[in-house]
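Let me begin by presenting the structure, written as structure tokens, before commenting on it.
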Amino acid sequence: MSSIKIAFIGGSGLYQAEGLTDKKWVKVQSSYGLPSSEVCVGRMNGSKVVFLPRHGKKHNISPSKINYRANIEILKKLNVENIISLSAVGSLRKDFKPGDFVVVDQFIDRTANRENTFFDDDLVVHIPFKDPVCKDLSQMVFKKLKKLQIKTHQFGTYICIEGPQFSSLAESQLYRSWGCDVIGMTNLPEARLAMEAGICYASVAMVTDFDCWHPDHDNVSVDQIINTLKKNTNKANSLINEITKEKKLICSEKIKEVSRKSMISDYSNVKKSTKIKLKYILNL
């Protein structure tokens, strides 16, 4: 199968990529259970593109119930080389305002109930995660956002909480004291699994509101948040269109090889059933 340069994972409010032609929803089987949805495969600006709605087509999957392993494996089976995650977030900073975009470069994990690795049975792999996103892909995304004149912050630390509840005031204040910039519920373990699968990953966080630390938080209506979400969705579709025009999407060879070079176990001693399950993840 020929490679697909780019896949988009859409979060809250983004359930399809506008402008795709020759599109069809494809059911892809996973060794890890059911993914969030069928994947939409189509073309845009001459490029083959994949789109996956993270919460399902009808937004019926809670953050803790998303099958992140299945989602990443089916993209790997489709030979996707790069993933751009698009996610709604709350802001933990006064200068990261509703409607702003943030190109995330670091994560803090506060989740507790998620399968966060492909390597939990018979094969021990310790990937480095100092740089959790692909720098080249993130830089390209930032340049496209600037071209579109979307207010964007080039770097940001995303704290991922379990949810589905939002933070308490004490938690929100704690995360601000840690230097976190935005708060969400979905980018981990997604980013970890993408790296384990050898897929370059970039995260675009779309601010919908200030988290509960902000003194005006209680005055923000649901209608205002939904209105911002819709505007962000329109911007996200503009970004998708712009990215698909890029002809120099090159997946990092370092990321492609990271799991194979991080094995602690002797692969020759790994059970055949484990090797079969990890066939697409390791590409061995």
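Read the figures in this text as sums done on the coordinates, not as results from a lab. On a predicted model such as this, the values are computed, not experimentally measured, just so you know. Please note: Cβ atoms are built from the backbone with ideal geometry, for glycine as well, and neighbour counts cover all protein chains shown.
Measuring between their Cα centroids, region 162-190 and region 83-120 lie 9 Å from each other. Entry for region 15-67 at q = 0.22 Å⁻¹: log10 I(q)/I(0) = -0.82, Debye formula applied to identical alpha-carbon scatterers, no solvent contribution. Cα-based radius of gyration for region 51-205, normalised by 2.2 N^0.38 Å, reads 1.03.
Hey, what D do you get for region 77-145 in µm²/s if you plug the Kirkwood alpha-carbon radius into Stokes-Einstein at 20 °C and 1.002 mPa s?
Details: Rh = 15.3 Å.
Estimated via Stokes-Einstein, D reaches 140 µm²/s.
Projecting the Cα atoms of LEU229, ILE243, ILE276 onto the charge dipole of region 218-284, computed from C-beta unit charges around the Cα centre, puts ILE276 farthest toward the positive end.
Could you list ASP122, ASP105 in order of exposure, starting from the residue whose Cβ has the fewest other Cβ atoms within 10 Å?
Values: ASP122 14, ASP105 19.
If I rank by nearby Cβ atoms, fewest first, I get ASP122, ASP105.
Considered as an equivalent ellipsoid built on the Cα gyration tensor, region 6-122 has semi-axes of 23, 21, 13 Å, the largest given first.
Provide the net charge surrounding TRP25, with neighbours chosen by a C-beta distance below 9 Å and charges set as Lys +1, Arg +1, Asp -1, Glu -1. Walk me through the numbers before you get to the answer.
Details: positive: LYS23, LYS24, LYS27, LYS57; negative: GLU38.
Once all neighbours under 9 Å are counted, the net charge is +3.
The alpha-carbon of LYS151 sits under 12 angstrom from the alpha-carbons of these aspartates and glutamates, leaving out residues fewer than 8 places away in its chain: ASP95, ASP100.
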